[in-house]
Each structure stands twice: as structure tokens, then as C-alpha cells.
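Visitor: Shown below is the structure under consideration.
The values are calculated or read from the model by the stated rules, or taken from the named source; none is laboratory data. In this text the structure is predicted, and so the values were computed from the model without any measurement. Note: ideal-geometry Cβ built from the backbone for every residue, glycine included; neighbour counts use all protein chains shown.
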């Protein structure tokens, strides 16, 4: 059975709405996971690298979000190789039909280790098939957001092994398939909808002024990332492994 884990701040009023939706889906193995409020000691935040990479500091909310998702990846990575999880955040409206058929959907795509169920940005993507009556796409750029995704144990293990420090927001890190070699796949239309409302993380992020110092180093890093992404996309287009 696929485990569904919902990241949520302890005591969040959002839990009631998510609980009602998930409890109405028969046979679903789901539970809340308290959002982390601090990063683990063995996953340090490299502030210097962050400023050089995204030209600003990470907010407390972004660090907690990173630690929360990374903690779930660690748990999944320690499970048997056939294990699969769906990770959700708590501000979503779910398609009950999709989630009722979650296990059958996962069985129908055994070769996909990571599947986005939502994206924050209209990233370029190639349609590569169909799943559950929806388009199956491969993203060629940054889709952003960690609201909802399916993740298998081998992909979780690869992500955990590739990340030794916190440099950028968690969704930026998850989108870097050219670095960790977990291909970014997704479905469209999305089976979840992000509910409107104030975002603590987004508010904190917008309140930070970009650090404009060391501009040449920042531009050089961007150029390297762009080149690596282009090479990865070319390999995937040619049917080669990353």
C-alpha cells in the first residue's frame, strides 16, 4: 500500500480540511507529519553558498520546509526498495477519484521514480505518454513547488545521498535533475489544487532584499547550471541515462 504523508505545522488549522478530504477516501494509508522547525545537525545550512547561489538568505520557513521534506525522504530511503510514498502539503484541494485509484496509478508507471502532482510555474515540458487519463510530462526546466508528489524508495535514496548541505530552497533542489539524476516527471492536469491564502514562507521570502554582491560569481554559477541542464535534456531526448 502506498503511504500518503502530509507535512503540516503542529496545530495548524489547515489540518481539519485535509483530514476531512483524506478520511473520505477509502483504504488510504495517510497521516500527518509535523513540519520541522529546525534543520538536522548533519544537514548544515551553508549561508555563504546560499548567498552566492540565489543572492539572498533562506528564510526560517524555507529552512523548515527543506528539513521537513528531507526528513521524509530519509525515512523512505531506509524502507524496502519497493516502497512508495505520496508527499502532500496541507493547503490542497484533492481530486478524490485520482487518490482513490492511487495504487493502480502507481502500478501503471513502474519505471517512474518521481512524479510531480503539482507545479508552481509553467515550466517547459514534453508530453511523453498518458497516466490516469492525464498527460504524462517530462519537465525540461524548473517547475517549483513541493505541494504534492509521488516518490519511490530508489529516488529518495538518490536524493538523500546527493544532498549534504542546504544551499537553496527545497523545490529548487528537487528540480535539479541534472545534479541528482532523478528525472522530473509530472501529470497534467494536476490532481491537486493549491488553495489560495497567505503564505508565511512566500511573505518572508519577498521581504528579503536580494544580495547583489559577488555578481560575477553568481552569473558564472547560473551559466554552469544552465549548461548542465541543457546537457541533461539532450541526453534524455536521445534516450540516454543522466
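Visitor: May I ask you to verify whether residue 51 is out of contact with any strand residue (DSSP E or B) (no Cβ under 8 Å at 6 or more places or on another chain), touching a residue at least 24 places away in the same chain (Cβ under 8 Å) and buried (at least 19 other Cβ atoms within 10 Å of the Cβ)? Give the derivation first.
Guide: Numbers: out of contact with any strand residue (DSSP E or B) (no Cβ under 8 Å at 6 or more places or on another chain): yes; touching a residue at least 24 places away in the same chain (Cβ under 8 Å): yes; buried (at least 19 other Cβ atoms within 10 Å of the Cβ): yes.
So residue 51 fits the description; yes.
Visitor: Okay, moving on. Do the conditions hold for residue 241, that is, is it within 24 Å of residue 151 (Cβ to Cβ), under 23 Å from the mean Cα position of the chain (by Cα) and modelled with pLDDT of 95 or more?
Guide: no
Visitor: Could you tell me which of the residues 187, 182 is in contact with a strand residue (DSSP E or B) (Cβ under 8 Å, 6 or more places away or on another chain), surrounded by 15 or more Cβ atoms within 10 Å (Cβ to Cβ), assigned to a loop (DSSP other than H, G, I, E, B) and at pLDDT 95 or above?
Guide: Selected residue: 182, the only one of 187, 182 that is in contact with a strand residue (DSSP E or B) (Cβ under 8 Å, 6 or more places away or on another chain), surrounded by 15 or more Cβ atoms within 10 Å (Cβ to Cβ), assigned to a loop (DSSP other than H, G, I, E, B) and at pLDDT 95 or above.
Visitor: When you look at residue 81, is it at pLDDT 95 or above and either in contact with a strand residue (DSSP E or B) (Cβ under 6 Å, 6 or more places away or on another chain) or buried (at least 18 other Cβ atoms within 10 Å of the Cβ) (or both), yes or no? Show your work before the answer.
Guide: Details: at pLDDT 95 or above: yes; either in contact with a strand residue (DSSP E or B) (Cβ under 6 Å, 6 or more places away or on another chain) or buried (at least 18 other Cβ atoms within 10 Å of the Cβ) (or both): no.
Judged against the criteria, residue 81 is not a match.
Visitor: OK, next. Could you identify the single residue in 88, 58 that is over 21 Å from residue 19 (Cα atoms), outside any helix (DSSP H, G or I), touching a residue at least 40 places away in the same chain (Cβ under 8 Å) and touching a helix residue (DSSP H, G or I) at 6+ places or on another chain (Cβ under 8 Å)?
Guide: Numbers: 88 fails: over 21 Å from residue 19 (Cα atoms).
When all the criteria are applied, what remains is 58.
Visitor: Between 156, 161, which is touching a helix residue (DSSP H, G or I) at 6+ places or on another chain (Cβ under 7 Å) and outside any strand (DSSP E or B)?
Guide: The match here is 156.
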